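See structure below.
Nothing in this text is a laboratory measurement; each read-out follows from the coordinates by a stated rule. Worth saying up front: this structure is predicted, and the values here are computed from it rather than measured. No Cβ is skipped: glycine too gets one built from the backbone with ideal geometry, and neighbour counts run over all protein chains shown.
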Amino acid sequence: MVTQKYRITKDTPYELSFDKPVENMAVQVLLGSKYDSQPNARVSYSFAPVDGGTKIFADMAVITNPGSAFERRTDVDGGHDSVAVQSLLDRIKEDLERPAGAKKK
């Protein structure tokens, strides 16, 4: 995420969130505000312990007035970027489940 110009905005044992300014002009116009015309794209990962492992949930949103008491969240979980996030989680899962020393497919 950091290599894609996201910055860590929240880091707890159960949640990790990344933000970056939205680059799409149409989204800026639609979701910007008088207070802050630059909304942020936010990807949050929540970690939940389950029987013998950890389940990871991803959440995607555009945040108007990021970092302020007036943050407004617009859910974008069904968007085309959600496929890339799920693909990333699937690759991480495969890497973690691969026996030590085994080669990638």
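What the table shows:
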| item | result |
| --- | --- |
| Cβ crowding within 10 Å averaged over residues, with 20-29, 50-59 ranked highest first | 20-29, 50-59 |
| Degrees separating the helix 81-97 axis from the principal Cα axis of the chain, which is the longest one | 20 degrees |
| Separation of the Gln38 and Lys93 label points, Cα + 7 Å toward Cβ, nm | 3.6 nm |
| Interatomic Cα distance distribution for the range 2-97, bins of 5 angstrom, percent | 3, 12, 20, 24, 18, 11, 6, 4, 2, 0 |
| Length released on extending from Met1 to Ala100, taking residue separation times 0.36 nm less the Cα-Cα span | 33.2 nm |
| Fewest-first sequence of Thr9, Thr74 by Cβ atoms within 10 Å of each Cβ | Thr74, Thr9 |
| Contact order normalised by residue count of the range 1-47, Cα under 8 Å, 6+ apart, percent | 36 percent |
| Lysine pair number, Cα distance threshold 29 Å (strictly under), the chain, separation 8 or more or different chains | 20 |
| Neighbour-count ranking [beta-carbon atoms within 10 angstrom, fewest first] of Leu16, Leu96 | Leu96, Leu16 |
| Ser46, Ser17, Ser87 arranged by Cβ crowding within 10 Å, fewest neighbours leading | Ser87, Ser46, Ser17 |
| Nearest-0.05 FRET efficiency for Val29 and Asp81, computed from C-beta distance (R0 22 Å) | 0.70 |
| Rel. contact order, % - alpha carbon contacts under 8 angstrom, at least six apart, the chain | 17 percent |
| Residue-averaged [θ]222 nm for the chain, counting only DSSP H segments that reach four residues, each worth -39500 (n - 2.57) | -7000 deg cm²/dmol |
